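Written below as structure tokens is the structure these notes are about.
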Amino acid sequence: MNKIGSNTFFPHKNLLGMEGLLADEISHLLDLSESYVEQNRQANKKRPLLQGRTVINLFFESSTRTRTSFELACKRLSADAINMSVSTSAIKKGETLLDTAMTLNAMHPDVLVVRHPHSGAVKLLAEKVTCSVINAGDGSHEHPTQALLDALTIRRRKKRLEGLRVAICGDVLHSRVARSNIHLLNTMGASVCVVAPVTLLPIGIERLGVEIFHNMAEGLKGCDIVMMLRLQRERMNGNFIPSLREYFHFFGLDAEKLANAKPDALIMHPGPMNRGVEIDSEVADDIARSAIHEQVEMGVAVRMACLETLISSVANEGEAS
Amino acid sequence: MTGMKGRTAYINARLLDPTSGLDKKGALLTEGEKILDLGAKLFADGVPDGIESIDCSGHCLAPGLIDARTQLREPGDEHKETIRTAGLAAAAGGVTTMLCLPNTHPIIDEVALVELVKRRAHDAELVNIHPYAAITKGLAGEQITEMGLLAEAGAVAFTDSLAAVSNAMIFKRALDYASTFNLMLVQHPEDPDLANGGVMNEGEMATRLGLTGIPTAAETILLERDLRLLESTNARYHAAHLSTTDAIEAVRKAKARGLNITCETAPPYFALNETAVGDYRTFAKLSPPLRGETDREAVIEGLKDGTIDLIASDHAPHDQDSKRLPFIQAESGVIGLETLLPLTLELYHNGSLPLLRALEAVTSAPARIFRLSGGTLSKGGRADLVLFDLDKPWKIDVGRFRSKSKNSPFDERPVQGIVLRTVSAGRSIFVRGT
């Protein structure tokens, strides 16, 4: 049997979150990702590294970019990828999460990539299966590959992570992207602040190592990176905000608010964007400053690196024993 | 009348300023809208030519009153009151700034409506008017309003007027959201379920009259709930018209704990008790209702030790058709703009409060809490002034009130202290005829 998680650089069976990962482990994943960026820009993007391996993308929540990104990452490494989404799965027929996991596990996949609307569900599943698990987003908890692709984008543009000032703006309360980014950026030595109305900040967020602002002009002052979060329109029903226009007026990123950040500050957004809600088209489409499309490109490279790291970690140990 | 650059000297005045503790004979000079100078020695050698001179004959010159809670009925109920008639009543009462509730028709829950009230207030050319906006859309207690934009348009604070936001989660979100912009929420502290169907204070009086009572717990429970919610937020919170011993004690303890809370009461709650509604006097029907004598005494205690920060008139004009009804059907509320000063001075004349503390409750305290300019006599500050005869005895005569509605329970009450002149932004907007 395969033993788990013995890759010297990344001694873990799963990638469930950024919390608790060491700076060296994160750097390893970023360095490896970097090597795939060029490959993905070639005409022939395919390499036989994971030939014969099986990856199941199990999505309990709708997703376009993350699922596509993982699927492409598998194909470019020659792994066999199967996509399962909630609409086609047995979950619809009443099967529990763990039964679904055990059923899929019996088919001997190498990696399960799982997205679930409930925080902690991916960890629960990972405890049950023998293969590796990558968390592709669980509730409001973590989205580690998003944080890695954001970090890779920043590192390529700014040549470093350490010492940078990063503002994460918007619906931090419901955001797994924000939590994963806060953990990663703090571990890598960046300084992080969050900017949002009080209703969209979770209690105790400052204990995660961030500075809190309720005003964009103040929060963006001196920032190298402005990271906008998506505002889900249903948030208005819970009295988190009164209206989209008020939200945009005070917290939407436009040229005027952006002027408070450093002149070369980078604009990022995990997508999909709500133009005119959290971001103005003028800044979202600013080629010089917006890294939004680059983030998507880095996503594929990062996911290739994660798949390779987890599979090779398990495989190497298996061969050695 | 003074022009923009015109100077006016108020001489032989007893200058009273609660902020600085000033209580001295002296003079005050205004230029245009501002106070240019004041002091004991000013114009000791007479007033130079070119300056209009007003002899105060030793009477009290104090900051114009700031009334933190009024209903002006415009737009929508102009048969009861208008911004203009309320402005005239305010001027006659020494009030130079009014904060008005959003329970008009339409309800003030949109930016354009805040702008409408401000424009009409400006056009009336009388006193300062700062509109409150609603906490929830349509005062329905469900969906928070665009507080940030409303505040930018000029909403001074937020309140659902005569109703509490009863859903604790919605009120917590409202507090949190308001704290984003450092805005003030004002609560009518009354549990709507406990108060439902009640028309007066619960107790022996209500039992004798055969009316449904509202328990004092309706006020205490909602207030104490809000205090718990305040523990976990930095929001600014103000409790309107407190009327009960227990609620006042709860605020006293909360302030001692360092909570960010202020509160007010209104003259009926220290000048009357529940016996005023005997004989089914609808003019004494209020929300919250007039309480028992021990509660009345607790209100005065609260004012004495500063637990209650300020006194607002709670001006609530109603026409005869809304009040001349069976008690249960009559509207709640009394007018108060023209009785705010004499009833507040009653607390001085009967020895309950020092004069400057009584004035503080209607001038500098509301200015501080609602972050308004005015409410003080200071160089460079707005020339909003009231000149009054502190000791003059008179009988309240509702028939002479400027207010369009006459629903006051204080008609024919003997009081001491009368407004002689009211100055708004340097301009005399009321002068009592001799």
**Item:** Selected residue (criterion: farthest from the other protein chains (Cβ to nearest Cβ)) from residues of the stretch B:159-196 that are among the hydroxyl-bearing types (S, T, Y), touching a residue at least 40 places away in the same chain (Cβ under 8 Å) and touching a Phe, Trp or Tyr at 6+ places or on another chain (Cβ under 9 Å)
**Value:** B:S161
**Message:** Can you name every one of the strands (runs of 3 or more DSSP E) wholly within the stretch B:48-137 that holds 2 or more residues which are among the aliphatic types (A, V, I, L, M) and in contact with a strand residue (DSSP E or B) (Cβ under 9 Å, 6 or more places away or on another chain)?
**Reply:** B:60-63, B:65-70, B:95-100
**Residue match in the stretch B:89-100 (condition: more than 14 Å from chain A (Cβ to nearest Cβ), of a type outside the set (F, W, Y) and over 17 Å from B:A316 (Cα atoms))** = yes
**Message:** Regarding the stretch A:248-257, can at least one residue be identified that is surrounded by fewer than 17 Cβ atoms within 10 Å (Cβ to Cβ), within 14 Å of chain B (Cβ to nearest Cβ) and farther than 25 Å from A:Q146 by Cα?
**Reply:** yes
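To keep it simple, each residue is scored yes or no on (1) of a type in the set (S, T, N, Q); (2) buried (at least 20 other Cβ atoms within 10 Å of the Cβ).
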{"site": "B:R252", "(1), (2)": "no, no"}
{"site": "B:A256", "(1), (2)": "no, no"}
{"site": "B:P288", "(1), (2)": "no, yes"}
{"site": "B:T294", "(1), (2)": "yes, no"}
{"site": "B:H318", "(1), (2)": "no, yes"}
{"site": "B:K323", "(1), (2)": "no, yes"}
{"site": "B:L340", "(1), (2)": "no, yes"}
{"site": "B:T363", "(1), (2)": "yes, yes"}
{"site": "B:P366", "(1), (2)": "no, yes"}
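Matching residues to (1) closer than 30 Å to B:N182 by Cβ; (2) without any contact (Cβ under 8 Å) to a residue 40 or more places away in the chain:
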| site | (1), (2) |
| --- | --- |
| A:D150 | no, no |
| A:A167 | yes, no |
| A:A178 | yes, no |
| A:V198 | yes, yes |
| A:I212 | yes, yes |
**Complete:** Filtering the stretch A:188-208 down to residues that are within 11 Å of chain B (Cβ to nearest Cβ) and more than 19 Å from B:T136 (Cα to Cα) yields A:V195, A:A196, A:L201, A:I203, A:G204
**Request:** Looking for whichever is surrounded by 19 or more Cβ atoms within 10 Å (Cβ to Cβ) and over 30 Å from B:K118 (Cβ atoms) here; the options are B:V156, B:V186, B:V199. Which one fits?
**Result:** B:V199
**Prompt:** Only one of (1) over 25 Å from A:L149 (Cα atoms); (2) at pLDDT below 90; (3) buried (at least 18 other Cβ atoms within 10 Å of the Cβ) fails for A:S89. Which number is that?
**Reply:** (3)
**Residues of the stretch A:177-197 classified as surrounded by fewer than 24 Cβ atoms within 10 Å (Cβ to Cβ) and not in a helix (DSSP H, G or I), total** = 6
**Request:** May I ask you to verify whether A:E211 is away from chain B (no Cβ under 14 Å), of a type outside the set (A, V, I, L, M) and either farther than 18 Å from A:A284 by Cα or assigned to a strand (DSSP E or B) (or both)?
**Result:** yes
**Item:** Test: B:V156 is touching a Phe, Trp or Tyr at 6+ places or on another chain (Cβ under 7 Å) and either more than 11 Å from chain A (Cβ to nearest Cβ) or in a strand (DSSP E or B) (or both)
**Value:** yes
**Request:** Could you check the stretch B:217-336 for helices (runs of 4 or more DSSP H) lying wholly inside it with 1 or more residues that are at pLDDT below 95?
**Result:** B:320-323
**Item:** Yes/no for B:H188 being of a type outside the set (D, E, K, R) and out of contact with any helix residue (DSSP H, G or I) (no Cβ under 8 Å at 6 or more places or on another chain)
**Value:** yes
**Request:** Name every residue in the stretch B:159-173 that is in a helix (DSSP H, G or I) and touching a Leu at 6+ places or on another chain (Cβ under 6 Å), in order of residue number.
**Result:** B:K172
**Complete:** How many residues of the stretch A:208-267 are within 21 Å of A:L184 (Cα to Cα) and of a type outside the set (G, A, S)? The answer is 16
**Request:** Show the residue pairs that are 6+ apart or on different chains and have beta-carbon atoms under 8 Å apart, the first residue being within the stretch B:58-85 and surrounded by fewer than 24 Cβ atoms within 10 Å (Cβ to Cβ), the second being assigned to a strand (DSSP E or B) and among the small types (G, A, S).
**Result:** B:G58/B:A13; B:H59/B:A13; B:C60/B:A13
**Prompt:** Given the conditions (1) farther than 15 Å from B:V165 by Cβ; (2) assigned to a strand (DSSP E or B), which single one is not true for B:L185?
**Reply:** (1)
**Request:** Determine, yes or no, whether A:L148 is in contact with a His (Cβ under 9 Å, 6 or more places away or on another chain), hydrophobic (A, V, I, L, M, F, W, C) and modelled with pLDDT of 95 or more.
**Result:** no
**Request:** Taking A:N237 as meeting all but one of (1) within 14 Å of chain B (Cβ to nearest Cβ); (2) touching a Ser or Thr at 6+ places or on another chain (Cβ under 9 Å); (3) at pLDDT below 95, write down the number of the exception.
**Result:** (2)
**Asked** Mind checking which residues of the stretch B:58-90 are under 14 Å from the mean Cα position of the chain (by Cα) and among the hydrophobic types (A, V, I, L, M, F, W, C)?
**Response** B:L65, B:I66, B:A68, B:L72, B:A86, B:A89, B:A90
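Hey, any hits in the stretch B:12-30 for a residue that's of a type outside the set (S, T, Y), in contact (Cβ under 8 Å) with a residue 24 or more places away in the chain, part of a strand (DSSP E or B) and touching a His at 6+ places or on another chain (Cβ under 8 Å)?
Yes: the stretch B:12-30 contains one or more residues that are of a type outside the set (S, T, Y), in contact (Cβ under 8 Å) with a residue 24 or more places away in the chain, part of a strand (DSSP E or B) and touching a His at 6+ places or on another chain (Cβ under 8 Å).
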**Asked** Considering only residues of the stretch B:369-411 that are part of a strand (DSSP E or B) and of a type in the set (K, R), which is nearest to B:L28 (Cα to Cα)?
**Response** B:R382
**Prompt:** If you take the residues of the stretch B:204-216 that are hydroxyl-bearing (S, T, Y) and assigned to a loop (DSSP other than H, G, I, E, B), which of them is nearest to B:S313 (Cα to Cα)?
**Reply:** B:T216
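The values are calculated or read from the model by the stated rules, or taken from the named source; none is laboratory data. Predicted model only: the values in this text are computed from it and were never measured. Glycine also receives a Cβ, built like all others from the backbone with ideal geometry; neighbour counts cover every protein chain displayed.
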